[in-house]
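One structure is given below, encoded as structure tokens.
No lab work stands behind these numbers, since they all come straight from the coordinates. Everything quoted here is computed from the prediction, not taken from an experiment. Note that each Cβ is placed from the backbone with ideal geometry, even for glycine, and that neighbours are counted across all protein chains shown.
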Amino acid sequence: MKFKPLKDRVFLKYSEESEKTSGGLYIPDAAKEKPQRGTVEAVGSEVKEVKVGSTVLFDKYSGSKINIDNVEYLIIKEEDILGIVEG
């Protein structure tokens, strides 16, 4: 299925990372307050700085999560993106 976001929206493939400390303790997602990561799948016509294929960081509670074919995606405004991961 193809999805084309409108105006300043960005369509991301959402990736949630689970982490363990060096002692093997699991840190639940609720205890983390770090930015989330996603890969840009599509952009709206007014998006200027983000390109398809870029990996971006955004706040945990930004945008709207949707599930398509058992894959979690996020629709977010470009202004809610904190930055682009390079390298």
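Please compute the modelled spin-label separation between LYS4 and TYR61, points set 7 Å along Cα→Cβ, answer in nm with one decimal.
Computed distance between label sites TYR61 and LYS4 equals 3.4 nm.
Starting at the first residue of the stretch 36-43, write each ³J(HN,Hα) from the Karplus equation 6.51 cos²θ - 1.76 cosθ + 1.60 with θ = phi - 60°, in whole Hz, x for Gly and Pro.
Those phi angles translate into 8, 10, x, 10, 6, 9, 7, 10 Hz.
What order, most packed first, do the peptides 42-49, 73-80, 7-14 have when packing is the mean number of other Cβ atoms within 10 Å of each residue? If you can, show how the numbers build up before the last one.
Details: 42-49: 14.2, 73-80: 17.9, 7-14: 19.5.
Per-residue mean Cβ counts within 10 Å order the peptides as 7-14, 73-80, 42-49.
How many times 2.2 N^0.38 Å is the alpha carbon radius of gyration of the stretch 36-87? Write down the numbers at each step before the final one.
Numbers: Rg = 10.7 Å, N = 52, 2.2 N^0.38 = 9.9 Å.
Relative to the 2.2 N^0.38 Å estimate, the stretch 36-87 comes out at 1.08.
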